[in-house]
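Here, each number is a calculation from the coordinates, and none is a lab measurement. Model, not experiment: these values are computed from the prediction. Reconstructed Cβ throughout: ideal geometry from the backbone, glycine too, with neighbour counts over all protein chains shown.
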Amino acid sequence: MEAKLPEVVKRDLVVTDDVLTPSLISEAGSNARYAWEEFIYGEISNLHTRRAYSKAVGDLLTRADDSGLTMSQITPKFVRNHFEQMKTSVPTRKLRLAAVRHFFDIAVTRHAIALNPALSVRGEKYKVSEGKTPEITVAQTQKLLKSIQGETFLDIRDKAIIAIFAYTAVRVGAVHRLTLNDFHTTGGNYSLRFKEKGGKPREIPVRDDLEKLILQYLQVRGVGSRMNLFFLLLLKQIETFQIHQFTPMT
């Protein structure tokens, strides 16, 4: 007979849909719970942002709970000490402070607490004059592409993807969302139509060497125009592909 493992009870967090609700909120009453759900589910649509913001607020409330405080007893001094002891980068602390300040704004509006303890807490100054990642040059890009010597489907596809990243500097998500219709021409040069963060459209002209790599890739692709340009390919299509005629979209 197997020994039954003891159940682990966590007091500080209560599991909900896809984030964790701090017990301090559950104990503060219905107004606090409403403010939390409005902050997490009403104000934030992106799942990753929701998790990041819930962690920022949850960490502070869990620490307050461990210190024996209620939500209404949290002070600006407590918030300041919390962020000063946080061992993260300045941008991360600024982001988390913004999340905490926003949550307490909603809590005040919903009459869960009387005052926002994070409102008067100022974030640290942070200025970036130059990015940490050095820009890749055209010569470096061409050298990188020439290093891919193979002529398999994956080689041809990877060359096109790397060239798009290097020559357009768009986000990974924007390239992932590309469809065949997003690579189009009006009779002259080709363009790529990206859907950036937040759904914002961005159209970038395609240089000649990038156009050649994309067209070479499309000759061996041969899948529907509504499908993802690069990643929704069956393994069978990758292993045994044949040449297809590509008709440009106008």
**Prompt:** Rg and Dmax of region 13-109, Cα atoms, in Å?
**Reply:** 12.5, 35
**Complete:** Once amide hydrogens are built 1.01 Å from N within the peptide plane, the residues lying 5 or more places from Tyr190 or on another chain with amide H under 5 Å from its amide H are Val206
**Prompt:** Name the trypsin sites (Lys or Arg not before Pro) in region 32-123 that are in a loop by DSSP and that have at most 15 other C-beta atoms within 10 Å, would you?
**Reply:** Lys87, Arg122
**Request:** Tell me, rounded to the nearest percent, the portion of alpha carbon pairs in region 42-96 spaced more than 16 Å apart.
**Result:** 46 percent
**Complete:** Surpassing 31 Å at the alpha-carbon level, of the pairs Lys55/Lys159; Lys55/Lys125; Lys94/Lys143; Lys87/Lys143; Lys125/Lys159; Lys55/Lys195, are Lys55/Lys159; Lys94/Lys143; Lys87/Lys143; Lys125/Lys159
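Starting from the alpha-carbon convex hull of region 138-239, give the projected area averaged over all orientations, in nm².
Over all viewing directions, region 138-239 projects a mean Cα-hull area of 6.6 nm².
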**Asked** When only DSSP loop residues count, what chymotrypsin sites (Phe, Trp or Tyr not before Pro) in region 79-128 have their Cβ near at most 11 other Cβ atoms within 10 Å?
**Response** Tyr126
